Amino acid sequence: MSYEVTPTVEGEKVEFSNPAQAFYEALGYEGMMDMMNRFYDKVFESEIATFFPQDEQEFEAVKHKNTLFFIQLCGGPKIYDEHLQDKGLNEHMIKIHEDFTINEKSRLEWLGCMQETLEETDMDQTLKDNFWEYVERFSKLTVNTFPQECRYVSSL
Ligand code: HEM
């Protein structure tokens, strides 16, 4: 089923595969850039907008780095490598998100923006499903904040 979301469970091992190279081949550099621009335009209007730089130039830089990352992730040219700081692509990406307090609600908002973006992208649904499987799973590794019991109010 397309665009299924399963909840993040704290401490659970997350298995994922990088998206198929065919996703990058279908869109090309310009297509990936267009997709990321549309995705971040949605993020900018979403509940998670405050996580991101409000300065236009800085925001453009985030969009650009995302494009480079996703192209390399999908088996395209290694154009994100210079940002890796001696880590693997996925390990580096988890580390970047550790600087932010990301909970399940933020993850769902991020995925919602991505779902809308993919729905508006004209390409084979099988490729979109494959890409979705990666973001749905990998996004669990960006969640680093879970609901806590309050020792004064047990029903929270
Ligand atoms: C599949 C899941 C995700 C992927 C692949 C992903 C990918 C990326 C990439 C490539 C960058 C730019 C890295 C760089 O600066 O070199 C980034 C930055 C960031 N992402 Fe994600 N992301 C994911 C999920 C999320 C989620 C759920 C949130 C929730 C709020 C989030 C928030 C951020 C923030 C705040 C930044 C930093 C922006 C800045 O530089 O100020 N990401 N992400």
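Every number here is computed from the coordinates shown, using simple stated rules; none is lab data. Treat the numbers as computed from the prediction; the structure is a model and nothing was measured. With ideal geometry, Cβ positions are generated from the backbone for all residues, glycine too; neighbour counts draw on all protein chains shown.
Overview of values
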| item | result |
| --- | --- |
| Largest-first principal axis extents of the Cα set of the range 42-111 (Å) | 32, 26, 19 |
| Charged-residue dipole, Cβ positions (Lys, Arg, Asp, Glu), the range 21-142 about Cα centre, Debye nearest 20 | 400 |
| Pair-distance profile P(r), taking every C-alpha pair of the range 74-118, with 10 angstrom steps and integer % | 21, 39, 37, 3 |
| Those lysines that a straight Cα-Cα span of less than 24 Å connects to Lys87, excepting residues fewer than 8 apart in one chain | Lys13, Lys63, Lys65, Lys78, Lys95, Lys140 |
| Mean-position separation - Cα centroids, the range 115-156 and the range 29-76, in angstrom | 17 |
| Bins of 10 Å, starting at 0 and running to the largest distance - Cα pair percent for the chain | 10, 38, 38, 10, 3, 0 |
| Length-normalised contact order for the chain - Cα pairs under 8 Å, 6+ apart - percent | 39 |
